[in-house]
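To keep things clear, I will list the structure first and then write my remarks on it.
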Ligand code: MG
């Protein structure tokens, strides 16, 4: 058994929307295909992956550095020890040959797209959904078939209003979501308070609303916002300051009784370790959002989970950034606290397929093999184009 070809294509995301600091209009994603020499129903079995959402495609790093390294090894080298699949960890090691530690940046996303495709391929070779493959491989004892999910939206639109926000969240509620996340930080605090009150009116209580500042605040602004939102008893306050400013994070946590969430822009277990050491994250309370699709894939992500547990945190505190099918399988397979969804944004990658079942704020994947990306209607033609 061998991988006969690896292909990458840059795809555009639909999203003329903004958070407090960036516009997503020009964002792209690397879609990767690992084509095996195995066949099912007359077609090659192919693993697909992509580097999550919120950054850019990484075709240059893949083509100039990582794929040539993989092309040099003998095919057997990439096989798992039982010979029934491919070793995603070994694939990652080879792709990273001669790369210095630290300074993770865009290569963490490039490798992630490759590494995630290996997990999709392995699950398809076994003919099962990826979350089952992950449970078996990592020895996760879980029997649940669904997981809590919240709808991440409430971005800033060119033509925005509280009515638009309200309509958006009502739409999410109609299709089965019970908890929501909205953006804050682009305007005055009073505007954000109005947005939060609008969201709470729909959700019924603050504990079903999270707010995300996307790292826009300095220390004083973060403290001012924390004081303003404290009475609402929100689900969490996400990325108040720069994701690498652990001092700010710790100071905020010391003066804010609600949960703080961060981590989507930390790409390695050492980054996570430093957050544990210096960021003040509270056991059983604060939320970790590292995203395998931005952080070298599932092998590194699992190492991040081990680091959190070493510090006494629980993996139920983890809600990975990235509301798409891959992270649904990761969250369910690795026994995390829940997952995010982008039901209305970032197509064709964001959100779930219609075959997933969403009921009362919990989501279950379909029984499609792998991550089930082929069941995403808008994504399927792009997958076909990449392999044909
Ligand atoms: Mg965020």
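Structure above, values below:
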quantity: Positions within segment 244-277 being in a loop (DSSP other than H, G, I, E, B) and either more than 24 Å from residue 55 (Cβ to Cβ) or within 16 Å of the ligand (Cβ to nearest atom) (or both), in sequence order; calculated: 244, 245, 256, 257, 258, 259, 263, 264, 265, 266, 267
quantity: Pair list, Cβ under 7 Å, 6 or more apart: segment 267-279 residue in the same structural domain as residue 100 (by TED's automatic domain parsing) and modelled with pLDDT under 95, other residue part of a helix (DSSP H, G or I) and surrounded by fewer than 21 Cβ atoms within 10 Å (Cβ to Cβ); calculated: none
quantity: Set 153, 185: member being touching a helix residue (DSSP H, G or I) at 6+ places or on another chain (Cβ under 9 Å), modelled with pLDDT under 95 and within 16 Å of the ligand (Cβ to nearest atom); calculated: 153
quantity: Scope segment 291-320; condition assigned to a loop (DSSP other than H, G, I, E, B) and under 22 Å from residue 123 (Cβ atoms); matching residues; calculated: 291, 292, 293, 294, 295, 296, 297, 320
quantity: Residue within segment 325-336 that is at pLDDT 95 or above, part of a helix (DSSP H, G or I), under 15 Å from residue 152 (Cβ atoms) and within 16 Å of the ligand (Cβ to nearest atom) present; calculated: yes
quantity: Among residues of segment 156-182, those that are in contact with a helix residue (DSSP H, G or I) (Cβ under 7 Å, 6 or more places away or on another chain) and in a strand (DSSP E or B), counted; calculated: 2
quantity: Which listed residue, of 241, 280, 284, is within 16 Å of the ligand (Cβ to nearest atom), in a loop (DSSP other than H, G, I, E, B) and over 19 Å from the mean Cα position of the chain (by Cα); calculated: 241
quantity: Hey, residue 20 within 16 Å of the ligand (Cβ to nearest atom) and either part of a loop (DSSP other than H, G, I, E, B) or surrounded by 14 or more Cβ atoms within 10 Å (Cβ to Cβ) (or both) or not; calculated: yes
quantity: Flag for residue 362 being out of contact with any strand residue (DSSP E or B) (no Cβ under 7 Å at 6 or more places or on another chain), outside the structural domain of residue 16 (by TED's automatic domain parsing) and modelled with pLDDT of 95 or more; calculated: no
quantity: Near pairs, Cβ below 9 angstrom, 6+ apart or cross-chain, from segment 150-166 (free of Cβ contacts under 8 Å to residues at least 24 places away in the same chain) to any residue that is in a loop (DSSP other than H, G, I, E, B) and more than 16 Å from the ligand (Cβ to nearest atom); calculated: 164/157
quantity: Selection from segment 24-34 of residues that are in contact with a strand residue (DSSP E or B) (Cβ under 8 Å, 6 or more places away or on another chain) and over 20 Å from residue 296 (Cα atoms); calculated: 24
quantity: Pick from segment 1-17, criterion in a loop (DSSP other than H, G, I, E, B) and closer than 18 Å to residue 45 by Cα, ranking: farthest from the chain's Cα centre (by Cα); calculated: 1
quantity: Condition met for residue 178 (surrounded by fewer than 19 Cβ atoms within 10 Å (Cβ to Cβ), touching a residue at least 24 places away in the same chain (Cβ under 8 Å) and closer than 23 Å to residue 321 by Cβ); calculated: yes
quantity: Which numbered condition residue 208 fails, given (1) within 19 Å of residue 257 (Cβ to Cβ); (2) within 16 Å of the ligand (Cβ to nearest atom); (3) free of Cβ contacts under 8 Å to residues at least 60 places away in the same chain; calculated: (2)
quantity: Residue pairs meeting the criteria (Cβ under 6 Å; at least 6 apart or on separate chains; first outside the structural domain of residue 106 (by TED's automatic domain parsing) and on the phi < 0 side of the Ramachandran plot, in segment 294-321; second modelled with pLDDT under 95 and crowded, with 20+ Cβ neighbours inside 10 Å); calculated: 294/52
quantity: Number of the condition not met by residue 73 [criteria: (1) crowded, with 24+ Cβ neighbours inside 10 Å; (2) out of contact with any strand residue (DSSP E or B) (no Cβ under 7 Å at 6 or more places or on another chain)]; calculated: (1)
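The values are calculated or read from the model by the stated rules, or taken from the named source; none is laboratory data. Here the structure is a predicted model, which is why all the values come from computation and not from measurement. Virtual Cβ from ideal backbone geometry, glycine too; neighbours counted across all protein chains shown.
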